[in-house]
Amino acid sequence: MATANKNLSVYDKTSIPNAKDFRFGIVVSEWNTEVTEGLYNGAIEALLDCGAVKENIVRWDVPGSFELTYGSKKMIATKKVDAVIAIGSVIQGETKHFDFVCSATAQGIKDLNVLTDTPVIFCVLTDNNLQQAIDRSGGKHGNKGTEAAIAAIKMAALGN
């Protein structure tokens, strides 16, 4: 397990650019809100801790993880952001739907990174059960939202 010996919330602030001059977009899936709100909270806390200005953070909600690609694309086109964090949670069920949603979402976010000059950070948990998702959205393994925010800051700095 990749997160077994790692806390996703730990970062070295001295190695991260100051985020005060960047504008961030966060697109959040409404599906599995217990998890996605935890991820969002982790992202916001890290962005603010690293100097981002609250007024320069735009949040949009979309129905599910599949819609993160379109939401991120529209945000890039209309909000002049330096980076987007796409937040979602897909939990394995009894059908192949999980596989299709995870694959399409990952491919869509990848495509945006190839086709646009704005980095889109993949903050989508793809877990086997709800407990695994909770453990990674502010639970015992920390918060993937925090990790995504740090990646967004670094990528925004790379693009400027």
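Report in % the part of the accessible area of the stretch 21-157 that belongs to carbon and sulfur, leaving out ligands and nucleic acids; probe 1.4 Å.
Carbon plus sulfur share of accessible area: 53 percent.
Please work out how much accessible surface Glu67 shows to a 1.4 Å probe, ignoring ligands, DNA and RNA, in Å² rounded to 10.
Only protein atoms counted, so the area is about 70 Å².
Describe numerically, in nm with one decimal, the distance between label points set 7 Å from Cα along Cα→Cβ at Asn129 and at Gln107.
3.1 nm
May I ask for the net charge around Leu158, where only other residues with Cβ less than 13 Å from the Cβ of Leu158 are counted and Lys, Arg are +1 while Asp, Glu are -1? Walk me through the numbers on the way to the answer.
Working: positive: Lys154; negative: Asp82, Asp117.
Net charge in that neighbourhood comes out at -1.
Antiparallel versus total DSSP beta bridges in the stretch 21-157: what percent is that, nearest 5? It would help to have the intermediate numbers written out before the result.
Working: 2 of 21 bridges.
Bridges in the stretch 21-157 are about 10 percent antiparallel.
Tell me, which longest segment in the chain has none of the trypsin sites (Lys or Arg not before Pro) that fall in DSSP loops with at most 13 further Cβ atoms within 10 Å? Numbers along the way, then the final one.
Values: sites that count: Lys6, Lys20, Lys80, Lys96, Lys140.
The segment 21-79 is the longest one with no such site.
Please list 3J(HN,Hα) in residue order for the stretch 130-144, calculated via the Karplus relation 6.51 cos²θ - 1.76 cosθ + 1.60 where θ = phi - 60°; whole Hz, with x for glycine and proline.
Using θ = phi - 60°, the values come out as 4, 4, 4, 5, 4, 4, 9, 10, x, x, 5, 9, x, 9, 4 Hz.
What ³J(HN,Hα) values, in whole Hz, does the Karplus curve 6.51 cos²θ - 1.76 cosθ + 1.60 give for the stretch 48-65 when θ = phi - 60°, with x put for Gly and Pro?
In residue order, the calculated couplings are 5, 4, 9, x, 4, 9, 3, 5, 9, 10, 10, 10, 10, 9, 10, x, x, 5 Hz.
With n ≥ 4 as the cut-off for DSSP H runs, can you work out [θ] at 222 nm for the chain, using -39500 (n - 2.57) per run divided by the number of residues, rounded to the nearest 500? Mind dumping the intermediate values first?
Numbers: 5 runs with 70 residues, N = 160.
Value at 222 nm, helices only, nearest 500: -14000 deg cm²/dmol.
Taking all pairs of different Cα atoms in the chain, averaging 1/r and flipping that mean, what Kirkwood radius in angstroms comes out?
Details: mean 1/r = 0.0649 Å⁻¹.
For the chain, inverting the mean 1/r across all distinct Cα pairs yields 15.4 Å.
The values are calculated or read from the model by the stated rules, or taken from the named source; none is laboratory data. Keep in mind that this is a model prediction, so the values were computed, not measured. Because the Cβ atoms are built from the backbone with ideal geometry, glycine has one as well, and the counts that use them run over all protein chains shown. Surface accessibility is based on the protein's heavy atoms, side chains included, excluding ligands, DNA and RNA. Shrake-Rupley method; radii C 1.70, N 1.55, O 1.52, S 1.80 Å.
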